[in-house]
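Shown next, in structure tokens, is the structure this report addresses.
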Amino acid sequence: MAVDLMRIITGYKQSVALMAGMKMNIPEILSKPRSIKELSEILKIGERALFLFLMYWKFMGILKEENNVWYMQEEDCARLKEFENIIKHEQNIMECWNTSQNIIESLKNSKKTFSQEDRQLYLSAMNGKNLEIIGLRMIREYRKNGPISYLEWGNSAGQMSTIIAKFYTDAKITIVVSNQFINSNDLKLTYKKMHKQVEIYSPEDLYSKVNKFYDIIHLYNTVHYYSSEELKKTLLMIKEQMNENSLLCIADMFLKDEECENYMYLLDWITHGGTNHLYIENVREVVSQCGLQISKSIYLREITTDLIFIKKEG
């Protein structure tokens with residue numbers, strides 16, 4: 001067998017070691033250099049067992065050790081802080097969803113749905129640093145100054161609009177809520193605190209608003225769930241809200257044969273998610289059928305996300 005079978009079998013150990021260390025607050029404690037004895041007293045853990053655990057973190061490349069003194073570099077602490085919500089979400093997925101038994105049961109068509117708590121962990125993981133990176137790319141692609149009208153649609157839960165509002169202080173913001181876990185009243189309160197007016201609609205309500213055009217439209221982490229019919233219906237609905245200068249940005253995750261990290265999402269889609277558009281080529285076909293044109297497509301490897309920028313034909 002050409003693959004590294006032992007690496008596959010034991011790969012989970014790195015994840016659980018990282019999660020255990022985060023629960024014990026190792027990064028914050030070791031932001032200052034400490035000896036095993038000092039760390040043992042803080043954590044109330046025996047020195048021998050703690051030494052073995054720290055060695056594992058060291059071999060993962062996270063910790064440093066010099067002359068029996070252990071520490072974390074500042075940039076490594078900051079990086080783990082950025083990923084804190086993702087780590088919490090993935091721990092929940094590993095412990096509650098992607099167990100071997102649950103995968104088997106899901107394959108037999110007994111898929112469960114997220115609880116409110118599961119959903120909040122998911123939203124916190126997906127709507128952090130990811131959205132900042134996507135937002136900057138989207139603004140750079142739009143390349144226009146002055147007041148804009150912005151439409152946010154999908155699983156970003158109103159968070160992308162807060163990023164847009166920082167760059168376009170006079171932006172008129174509309175959010176389409178199509179998810180039962182996203183509370184419209186909470187969104188209104190968030191924007192009230194920011195002294196921003198926001199309009200919130202369901203997809204059907206938005207469709208009834210004629211002659212309303214948006215400069216930037218963002219469709220986030222939603223497309224891969226749609227069937228071809230659902231995607232076509234949504235894009236045609238959005239097309240009615242676009243003029244010749246509008247920019248639509250689809251940000252989503254699709255499989256790539258050359259990018260192995262994308263395949264980790266397959267188990268999530270089996271046990272609790274769902275997907276109808278595995279590959280970006282599937283989306284391109286529907287975009288073309290709707291009379292829309294892809295102006296640019298970018299893959300952001302650091303967040304395993306594709307950005308598809310779309311204009312109205314003609």
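The values are calculated or read from the model by the stated rules, or taken from the named source; none is laboratory data. Bear in mind the structure is a predicted one, so any value in this text is a computation, not a measurement. Virtual Cβ from ideal backbone geometry, glycine too; neighbours counted across all protein chains shown. Just so you know, the surface numbers come from the protein's heavy atoms only, side chains and all, with ligands and any DNA or RNA stripped out. Shrake-Rupley method; radii C 1.70, N 1.55, O 1.52, S 1.80 Å.
Structure above, values below:
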quantity	calculated
Per residue, the convex hull volume that the Cα atoms of the range 57-113 enclose (Å³)	107
Accessible area of residue 132 in the full protein assembly, 1.4 Å probe (Å², nearest 10)	90
Value of relative contact order over the range 98-169, rounded to a whole percent, pairs C-alpha under 8 Å and six or more apart	33
Whole-angstrom Cα spans of the chain along principal axes, big to small	70, 49, 33
Cα-Cα separations in the range 1-158 greater than 28 Å, expressed as whole percent	44
Which of 16, 286 is most accessible, then next, and so on - probe 1.4 Å	16, 286
Dipole magnitude of the chain about its Cα centre (Cβ charges: Lys, Arg +1; Asp, Glu -1), debye to nearest 20	580
Pairs beyond 24 Å (Cα-Cα), from 13/88; 129/256; 88/296; 23/44; 232/296	88/296
Additional length obtainable on full extension of the chain from residue 69 to residue 112, 0.36 nm per residue less Cα span	10.8 nm
Linear extension gain, residue 56 paired with residue 124, 0.36 nm per residue minus alpha-carbon span	21.7 nm
Separation of the residue 28 and residue 167 label points, Cα + 7 Å toward Cβ, nm	3.3
Leading residue at positive end of dipole, the chain (Cβ point charges), from 238, 56, 201	201
Mean residue ellipticity (222 nm) of the chain, computed from DSSP H runs ≥ 4 via -39,500 (n - 2.57), nearest 500	-13500 deg cm²/dmol
Percentage of interatomic Cα-Cα distances in the range 71-175 larger than 24 Å	45
